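The values are calculated or read from the model by the stated rules, or taken from the named source; none is laboratory data. Since we're looking at a predicted model, the values are computed, not measured. Backbone-built Cβ (ideal geometry, glycine too); neighbour counts: all protein chains shown.
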Amino acid sequence: METRVTLSFDEMPRSWYNILPDLPSPLPPPLHPGTRQPIGPQDLAPLFPMALIRQEVSSDRYIPIPEPLVDAYQLLGRPTPLQRAVRLEQALNTPAEIWYKREDLSPTGSHKTNTAFAQAYYNREEGVERLTTETGAGQWGSALAMATNAFGLKCLIFMVRVSYDQKPHRKHIMHLYGAEVHPSPSDQTNYGRKLLKEKPDHPGSLGLAISEAIEVAAGDEKTKYSLGSVLNHVLLHQTIIGQEVLEQFRRADRTPDAMIGCVGGGSNFAGFTFPAIHEHLKGKNATEFIAAEPKVVPSLTAGKYEYDFGDTGEMTPLVKMYTLGHNFVPAPIHAGGLRYHGAAPTVSLLVHEGIVKPVAFVQQDCFAAGELFARTEGIIPAPESAHALKAAIDLAVEAKRKGERKIIAFNLSGHGLLDLHGYGQYLDHTLAA
């Protein structure tokens, strides 16, 4: 029985998949924060290089990956394996098969390097000298710090304060790659200083950290802004994951009945599922697509589908998405990468159209799923990935109850080796709801 499907480097996809031309309805355009009118490429130019702006609005279904990035992806460990969780299946006594994509194997431990290296490359090609960004749990900050170091750029990172305190080793990784890291809200920006004056112990949020990063980028012509999720060009870069998965399932002579990813902004979910959703929309599969999120940050399950700012300081364009409101301050859960008030416009549209099903979990149940995975598969998943794992376990248990032999796949988007503080609280029974 084959339990690990691998591809050679020569079989790695050479293009990214762009879902925009295949969406079941047109994506509502982003609006200017001042005029509330649809924005054009020139409105994004202060923040992004033109190559990424063109990708953001491209109607091409496939966008070639430049050769320097193809080489970089090989160094990052692509293609990654697709693995079957046989011991987990045995522990659950389920007739279902559970498969997971090993995005935890990248040098920084998550899928984020797939877009970090692409963004750093395109910025360098256009003469940018520094990138500024936000990060929650630190996976994105670590990935961008590695990428900017590789392409000779400086990097300024605003890390959500609660995660900055919870996960000290993440900032050490960023520092090792040469990045400058500040807890957000910080004393480095006008917006950060304003918030600290109002509330010195502010826990921070991704929306707030985005505002700080954008403020810096907007004030320096040699600095651009980089983000790890939400926008189309970011999700586009992640589709190398899902294209590999499709080929790997073909090798295994299987078609997944369900594909699952966790969702904060939506990048790992989109990267894992969008190529399969493309086939689904063409009638080539009957796969169910499930987006797992925290119950305390329920943008997809309890948010409104409407235009909202991507940041707390109202500096970004407004995009139509499922949102809890840009002033929402999430609870300090350990899945810092899922503490975002909204979700990617493309993912939101697919939820609105009924193609993607959202589910939500409390963090204790996700840590319990992570413990079971560690004891059966030997891998400690990130708290974010544990949300997808929890959804997969629930489906496997349901398959046992119904006596169904389902094929369930989830994206193991990152490892939890730097999240042991949260696992420690779970094991000590001190973990908050």
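See the values below:
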| read-out | value |
| --- | --- |
| The range 343-385, subset free of Cβ contacts under 8 Å to residues at least 60 places away in the same chain and in contact with a Gly (Cβ under 7 Å, 6 or more places away or on another chain), residue surrounded by the most Cβ atoms within 10 Å (Cβ to Cβ) | Gly370 |
| The listed residue being outside any strand (DSSP E or B), modelled with pLDDT of 95 or more and either under 14 Å from Phe410 (Cα atoms) or among the β-branched types (Val, Ile, Thr) (or both), out of Gly370, Gly354 | Gly370 |
| Check on Leu69, under 20 Å from Ala392 (Cβ atoms) and not polar (S, T, N, Q) | no |
| Residues located in the range 303-326, provided they are in contact with a strand residue (DSSP E or B) (Cβ under 7 Å, 6 or more places away or on another chain), surrounded by fewer than 23 Cβ atoms within 10 Å (Cβ to Cβ) and acidic (Asp, Glu) | Glu306 |
| Long-range neighbours under 8 Å by Cβ, at least six apart or interchain, first residue under 17 Å from Thr148 (Cα atoms) within the range 212-224, second in a helix (DSSP H, G or I) | Thr223/Val216; Thr223/Ala217; Lys224/Asn123; Lys224/Ala217 |
| Some residue of the range 268-285 being under 24 Å from Ile39 (Cβ atoms), within 15 Å of the chain's Cα centre (by Cα) and surrounded by 24 or more Cβ atoms within 10 Å (Cβ to Cβ) | yes |
| Count of the range 105-116 residues which are surrounded by 24 or more Cβ atoms within 10 Å (Cβ to Cβ), part of a helix (DSSP H, G or I) and not β-branched (Val, Ile, Thr) | 2 |
| The lone exception for Gly422 - which of (1) among the small types (Gly, Ala, Ser); (2) at pLDDT below 95; (3) surrounded by fewer than 24 Cβ atoms within 10 Å (Cβ to Cβ) it fails | (3) |
| The range 409-433, subset in contact (Cβ under 8 Å) with a residue 12 or more places away in the chain and of a type in the set (Gly, Ala, Ser), residue nearest to Val162 (Cα to Cα) | Gly422 |
| Gln119 being assigned to a helix (DSSP H, G or I) and modelled with pLDDT under 95 | no |
| Condition check for Gly204: in contact (Cβ under 8 Å) with a residue 40 or more places away in the chain and either more than 15 Å from Leu47 (Cβ to Cβ) or hydroxyl-bearing (Ser, Thr, Tyr) (or both) | yes |
| Subset of the range 217-259 [crowded, with 22+ Cβ neighbours inside 10 Å and out of contact with any helix residue (DSSP H, G or I) (no Cβ under 9 Å at 6 or more places or on another chain)] | Ala217, Gln248 |
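Condition check ((1) farther than 18 Å from Gly414 by Cβ; (2) of a type outside the set (Gly, Ala, Ser); (3) in contact with a strand residue (DSSP E or B) (Cβ under 6 Å, 6 or more places away or on another chain)) across all residues:
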{"position": "Ile63", "(1), (2), (3)": "yes, yes, yes"}
{"position": "Gln83", "(1), (2), (3)": "no, yes, yes"}
{"position": "Lys112", "(1), (2), (3)": "no, yes, no"}
{"position": "Thr115", "(1), (2), (3)": "no, yes, no"}
{"position": "Arg124", "(1), (2), (3)": "yes, yes, no"}
